Amino acid sequence: MKEQFFEAVFEIEREKGIDRQLIIATIEDAIHSAYKKNFGVSQKIEVHLDHDTKEAEIVTIKEVVEQVKNLHSQISLEEARRIDKDVEIGGSVRVSLTPEEFGRISAQVAKQVILQRIRETEREIIYEEFKSRVGEVTIGVVRREQGDSVLVDLGKIEGILPSSEQSSIERYRVGDRIRVYILDVKKTNRGPQIILSRTYRDLVKKLFEMEVPEILEGVVTIEAVARDPGFRSKIAVRSNDEKIDGVGACVGVRGIRVQAVVNELGGEKIDVVPYNPDPAIFIENALSPARIKEIRFDKTAKSAIVTVPDNQLSLAIGKNGQNVRLAAKLTNWRIDIKSESQFLEEERIRRSIPLTALPGVGPKTAENLTKYGISTISEIVNLKPEDLLSISGIGKEKAIKIWKEAQTLNQTLPGLKDLREKDKDRKLNL
């Protein structure tokens with residue numbers, strides 16, 4: 001029995017990678033549970049193993065009493081002193097369980113509990129390991145499909161690649177080795193569930209960290225990533241060393257570094273652009289390769305109206321709006337693209353509307369606005385309410401009202417509305 005017992009412990013240690021002392025503690029707990037279940041008592045059970053001599057001892061702690069009422073938890077003074085001659089009533093002694101007694105503990109129950117606890121321990125170890133690895137990229141082997149999901153062998157456990165995290169341009173075949181992003185780890189009744197991703201934006205970031213030593217060293221940092229999985233990604237990089245070109249470091253000689261990431265992502269195109277803390281420069285970089293004519297900001301709404309030459313409109317917007325959509329995600333600004341001719345036509349329409357068309361602006365207020373250099377609704381739209389406070393006859397409430405009415409009229413002018421509808425249709429056809 002001892003040989004089998006030790007062999008089982010060592011085998012678990014080898015196969016499961018569980019520390020021997022943890023196995024022993026688990027076995028002790030399992031035997032204690034089995035003992036309690038069979039005899040209806042709760043007492044301390046200790047398991048002592050010596051892996052050098054392969055000696056095993058299972059002992060129970062019994063209380064020394066004058067009159068024994070429970071053989072499993074109590075012992076007479078006479079018997080106790082055979083074990084410890086100095087023990088007194090009220091003390092306790094450690095009594096070895098004989099093989100016969102151990103057999104009465106229901107070995108089958110103990111075995112089931114031990115196996116269950118070992119599985120639970122193994123699952124907990126795997127859970128803690130992968131929980132600490134959330135956000136990492138690892139290599140796995142595609143094993144099989146499970147509904148719309150793909151199961152990936154990660155070594156100790158299979159991870160799940162849900163359909164929502166699969167690239168639309170990739171096909172996963174059994175035996176394929178793929179890099180996956182560890183997105184989440186969940187506890188379930190069947191053990192830890194490792195959620196993987198091939199579409200998460202940080203997968204691109206991690207792949208560049210693996211390919212570009214300057215990023216790993218901190219010389220170049222990736223400030224932002226925007227991704228349309230399977231089609232195109234944009235990353236913004238900053239160099240912390242003026243001698244190092246951040247974009248060049250990520251692209252590599254003859255594009256070898258960026259191409260390695262493109263290949264790993266199944267051909268997904270990647271734009272690497274320089275980061276800049278100035279939103280005007282950053283947005284212009286993000287909209288590359290389109291050329292920008294002018295950018296106007298509404299910092300309160302964190303939106304930008306970008307004017308481009310007419311021949312750059314389709315390039316700035318991109319196929320199905322992809323370029324401007326990724327640029328907006330990358331910069332975290334709402335971006336509206338206008339062609340130069342559209343911008344000029346909108347300005348012409350705004351300038352054709354007299355200031356008195358604004359509710360609350362009479363001839364006297366219009367005259368004061370004109371003296372201040374404001375002669376069109378367009379100029380009010382580009383101001384802030386507080387900019388109007390220095391004008392004679394305009395207080396805080398009236399300034400806010402005029403500004404809001406100008407914004408509303410700017411959106412509802414018939415000519416502008418028709419022009420925007422035409423522009424919207426045009427952009428949809430690009």
Members of the stretch 183-197 that are at pLDDT 95 or above, of a type outside the set (A, V, I, L, M, F, W, C) and in contact with a helix residue (DSSP H, G or I) (Cβ under 6 Å, 6 or more places away or on another chain): 197
Strands (runs of 3 or more DSSP E) lying entirely in the stretch 244-361 (those with 1 or more residues that are farther than 25 Å from residue 378 by Cα and open to solvent by less than 50 Å² (accessible area, probe 1.4 Å)): 269-274
Residue in the stretch 396-416 that is over 22 Å from residue 303 (Cα atoms), assigned to a helix (DSSP H, G or I) and touching a residue at least 40 places away in the same chain (Cβ under 8 Å) present: yes
Residue that is most open to solvent (accessible area, probe 1.4 Å) [pool: residues in the stretch 78-118 that are modelled with pLDDT under 75, over 23 Å from residue 20 (Cα atoms) and touching a helix residue (DSSP H, G or I) at 6+ places or on another chain (Cβ under 6 Å)]: 106
Which numbered condition residue 263 fails, given (1) modelled with pLDDT of 95 or more; (2) out of contact with any Asp or Glu (no Cβ under 7 Å at 6 or more places or on another chain): (1)
When residues of the stretch 148-182 are limited to those that are open to solvent by 50 Å² or more (accessible area, probe 1.4 Å) and touching a helix residue (DSSP H, G or I) at 6+ places or on another chain (Cβ under 8 Å), the one modelled with the lowest pLDDT: 156
Number of the condition not met by residue 365 [criteria: (1) touching a residue at least 40 places away in the same chain (Cβ under 8 Å); (2) part of a helix (DSSP H, G or I); (3) farther than 24 Å from residue 236 by Cβ; (4) open to solvent by less than 70 Å² (accessible area, probe 1.4 Å)]: (1)
Where a residue in the stretch 244-269 is among the basic types (Lys, Arg) and its partner, wherever it lies, is assigned to a helix (DSSP H, G or I), with Cβ under 8 Å and at least six apart: 257/208; 257/211; 257/249; 257/250; 257/251; 269/262
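The values are calculated or read from the model by the stated rules, or taken from the named source; none is laboratory data. Model, not experiment: these values are computed from the prediction. In this analysis, Cβ positions are derived from the backbone assuming ideal geometry, glycine residues included, and neighbour counts consider all displayed protein chains. We work out accessible area using only protein heavy atoms, side chains counted, and drop any ligands, DNA or RNA first. Shrake-Rupley method; radii C 1.70, N 1.55, O 1.52, S 1.80 Å.
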